[in-house]
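Following: one structure in C-alpha cells, then a few remarks.
The values are calculated or read from the model by the stated rules, or taken from the named source; none is laboratory data. Everything numeric in this text was worked out from a predicted model, so none of it was measured. Backbone-built Cβ (ideal geometry, glycine too); neighbour counts: all protein chains shown.
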Amino acid sequence: MIEKDVVIIGAGSTGLAIAYYLSKHGVRDVTVLEKGYVGSGSTGRCGTGIRAQFADEPTIRMMKRSEENWKKLGEEIGFDFRQTGYLYLLYTEEEIEQYRKMKELQNSLGVPTEILSPAEAEELCNLIDTSEVKAASYNPEDGKAHPFEVTTGFKKYFQEGEVELKEQREVTGIELENGGKCKIVKTTGENYRTEVLVNAAGGWARNVGEMMGLEIPVTPYRHQAIITEPFKPGSIEPMIISMKHEDAYLTQTERGGIIGGAGTPEDEPPTYEMRETLSFEERASKVFSTIIPGLRHARILRHWAGYYAMSPDGNPMLGEYKIPGHYLAAGFSGHGYMMAPSVGEGLAKVIKGGRTDLPIDYYDPDRIDRGELREEAVQMG
Ligand SMILES: Cc1cc2nc3c(=O)[nH]c(=O)nc-3n(C[C@H](O)[C@H](O)[C@H](O)COP(=O)(O)OP(=O)(O)OC[C@H]3O[C@@H](n4cnc5c(N)ncnc54)[C@H](O)[C@@H]3O)c2cc1C
C-alpha cells in the first residue's frame, strides 16, 4: 500500500491542471491515476477552443483567469496558446441584442469583446460568407491551444518535477475507512491510501462515485468533431461560431487543418458510445461549407467522438462532496478544457484549506441537492 497526500483520478485537462497547481502551492506528494493515457478522455478529443465570451459573471471571471493562466502555462510548459480570437457570427437583431448585453457584462469584467460589422468580421477572415451576417461578437484575447501539445507538455513537466503520473492505471475500487477520512484506492497496478481524493474522471465521474457509494449526477453525451486536410496556414485564424448553423464552430490548427464540430441532435440520449456517425459528417460538411463556401471540396482526414460530461444545470461541480476529503471536479459540458487552468488554481487553493478570489463556491456540487440550479453557460466552441 502506497501512502499519498493527494490522489487524483483522471489525467485530462482538469486532473492535470489540479495536480500542477497543487505542486505550485507546495503539495509535494501528488499522484495522478489514468486508466488510458494523458488526454485519452474528452480532453484529447476537444476542439482546441478557449474563450471568455460567456453570459454569466462567474463563468466570465473563471475564463478570464483561465486565459491569463493559459498564457503563463504555455510559456512554462512549452505549448502555444494562440490568441487569435473567437468570432461569433450574428444573423438576427435578437442575436445582436443578446450578444451586445453579453459584451457589456464581459467589458465590465475586463474582457475586451467588441461588436463588429460584417466588413470588420471579413477583415479577420475573408473566406466567411457574410451575405447574411448582420454583425459579429469578437474577443481578441480568446484563442486556441492544441490538446496533444498541452497534455504531453504537462506529462513532460511532471516527469521533470514532483507530480507522479501513472498511465494505464485504472481505479477499480475505493474503500473508505475512519468514516471516509481515509480512502484506499485500488487500481489495476498498486493500491494507494490517501486522505485527499480528487475525482476528475470526466464522463466517468459517476462510475468513480459509485465506487464510494455516491450517486454523482454527471451524464456523458456524445459530441463529434473532424479535421480536414491542411490548407495555407493563417486562412482561418479566429474560432468561428455560428449558432444559426447547428451551433457550428471551426478554426485552423497550426499545421493547417480545419478543426471543428457542431451541436448534437437534442434527441440523442446519453451514451458511453464513442463511435463516429456518418450523419455527423454530412451535417458538419453542410454547415461548414455554408459558413465558409471554400470548404465545399475540403477532404476530411479524421473524425472522432468524445463526451460532454453534463451536470443537471450544465455547469461544473467543484468542491468537497459528501465525504470529507473527496473533491469533485466534473460536469464541464463543452467548456472544461478552456476552464481547466482556473479550476486547477482555485481548487488547489481550496484543497490546501486556503482562500481563492475565484468563484469556486458558485459551482458548489451540493447546489444540485439543494435544487439551486445555475443559469446554463453558453455552450458552443
Ligand atoms: C468534440 C468535442 C469538442 C470539444 N471542444 C471543446 C473546446 O473547444 N473547448 C473546451 O473548453 N472544451 C471542449 N470540449 C469539452 C472538453 O473536452 C471537456 O470539457 C474537458 O476535456 C474535460 O476534461 P476532464 O479532464 O474533466 O475530462 P477528461 O478529459 O474526459 O478526463 C477524464 C479522464 O479520467 C480517466 N478515467 C476515467 N475513469 C477512470 C478510472 N476509473 N481510473 C483512472 N482513470 C479514469 C479517463 O480515461 C480520462 O482520461 C469538447 C468536447 C468534445 C467531445
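Tally the residues that are touching an Asp or Glu at 6+ places or on another chain (Cβ under 9 Å) and crowded, with 23+ Cβ neighbours inside 10 Å, restricting the search to the stretch 22-56.
Qualifying residue count, the stretch 22-56: 12.
So, in the stretch 246-291, how many residues would count as being aliphatic (A, V, I, L, M), closer than 23 Å to G41 by Cβ and crowded, with 18+ Cβ neighbours inside 10 Å?
The first filter runs over the stretch 246-291 and keeps only residues aliphatic (A, V, I, L, M), leaving 248, 250, 258-259, 262, 274, 278, 284, 287, 291.
From what's left, closer than 23 Å to G41 by Cβ: 250, 259, 262, 274, 284.
If we keep only those that are crowded, with 18+ Cβ neighbours inside 10 Å as well, we get 250, 259, 262, 284.
Residues meeting the conditions: 4.
What are the residues in the stretch 191-212 that are crowded, with 24+ Cβ neighbours inside 10 Å and assigned to a loop (DSSP other than H, G, I, E, B), if any?
Result: A200, A201.
Those residues that are assigned to a loop (DSSP other than H, G, I, E, B), within 11 Å of the ligand (Cβ to nearest atom) and not small (G, A, S), I need them from the stretch 37-63; list them, please.
Taking the stretch 37-63 and keeping what is assigned to a loop (DSSP other than H, G, I, E, B), we get 37-42, 46-48, 51-56.
Subsequent filtering for residues that are within 11 Å of the ligand (Cβ to nearest atom) retains 37-42, 46-48, 51.
Within the stretch 37-63, Y37, V38, C46, T48, R51 qualify.
Can you go through T277, T356 and tell me which one is free of Cβ contacts under 8 Å to residues at least 12 places away in the same chain and either hydroxyl-bearing (S, T, Y) or touching a Pro at 6+ places or on another chain (Cβ under 8 Å) (or both)?
Working: T277 fails: free of Cβ contacts under 8 Å to residues at least 12 places away in the same chain.
Sole residue among the options that is free of Cβ contacts under 8 Å to residues at least 12 places away in the same chain and either hydroxyl-bearing (S, T, Y) or touching a Pro at 6+ places or on another chain (Cβ under 8 Å) (or both): T356.
Check the stretch 149-171 and report whether any residue there is over 24 Å from D29 (Cβ atoms) and touching a Pro at 6+ places or on another chain (Cβ under 6 Å).
No, because not a single residue in the stretch 149-171 is over 24 Å from D29 (Cβ atoms) and touching a Pro at 6+ places or on another chain (Cβ under 6 Å).
Would you confirm whether any residue within the stretch 124-138 is touching a Pro at 6+ places or on another chain (Cβ under 6 Å) and among the acidic types (D, E)?
Yes.
For the structure I just gave you, tell me whether T194 is modelled with pLDDT of 95 or more, over 26 Å from the mean Cα position of the chain (by Cα), of a type in the set (S, T, N, Q) and more than 9 Å from the ligand (Cβ to nearest atom). Full working, then the answer.
On the way: modelled with pLDDT of 95 or more: yes; over 26 Å from the mean Cα position of the chain (by Cα): yes; of a type in the set (S, T, N, Q): yes; more than 9 Å from the ligand (Cβ to nearest atom): yes.
In short, yes.
Looking at this structure, is I240 within 18 Å of the chain's Cα centre (by Cα), buried (at least 20 other Cβ atoms within 10 Å of the Cβ) and of a type in the set (V, I, T)? Give the derivation first.
Working: within 18 Å of the chain's Cα centre (by Cα): yes; buried (at least 20 other Cβ atoms within 10 Å of the Cβ): yes; of a type in the set (V, I, T): yes.
Judged against the criteria, I240 is a match.
Would you pick out the residues in the stretch 332-375 that are in contact with a strand residue (DSSP E or B) (Cβ under 9 Å, 6 or more places away or on another chain) and surrounded by fewer than 15 Cβ atoms within 10 Å (Cβ to Cβ)?
Across the stretch 332-375, the qualifying residues are D361, D366.
Have a look at A329, A340 and point out the one that is part of a strand (DSSP E or B) and either of a type outside the set (V, I, T) or more than 11 Å from the ligand (Cβ to nearest atom) (or both).
One residue alone meets the criteria, A329.
Which one is nearest to K64 (Cα to Cα) among residues in the stretch 357-381 that are modelled with pLDDT of 95 or more and assigned to a loop (DSSP other than H, G, I, E, B)?
Here the residue is L358.
If you check every pair at least six apart or on different chains, which have Cβ atoms under 8 Å apart with a residue in the stretch 323-352 that is among the basic types (K, R) first and a residue that is part of a helix (DSSP H, G or I) and within 8 Å of the ligand (Cβ to nearest atom) second?
none
Assigned by TED's automatic domain parsing to the domain that holds V32, out of contact with any helix residue (DSSP H, G or I) (no Cβ under 6 Å at 6 or more places or on another chain) and under 26 Å from K72 (Cβ atoms): does that describe K322? Explain how you work it out, then say what you get.
Values: assigned by TED's automatic domain parsing to the domain that holds V32: yes; out of contact with any helix residue (DSSP H, G or I) (no Cβ under 6 Å at 6 or more places or on another chain): yes; under 26 Å from K72 (Cβ atoms): no.
Answer is no for this residue.
Take the residues in the stretch 125-178 that are of a type in the set (V, I, T) and within 16 Å of the ligand (Cβ to nearest atom), then tell me which one is surrounded by the fewest Cβ atoms within 10 Å (Cβ to Cβ). I'd like the intermediate steps shown before the answer.
Looking only at the stretch 125-178, we keep the residues that are of a type in the set (V, I, T), and these are 128, 130, 133, 150-152, 163, 171-172, 174.
From the residues that got through so far, the ones that are within 16 Å of the ligand (Cβ to nearest atom) too are 150-152, 163, 171-172, 174.
Numbers: V150: 30, T151: 21, T152: 18, V163: 23, V171: 24, T172: 12, I174: 24.
That would be T172.
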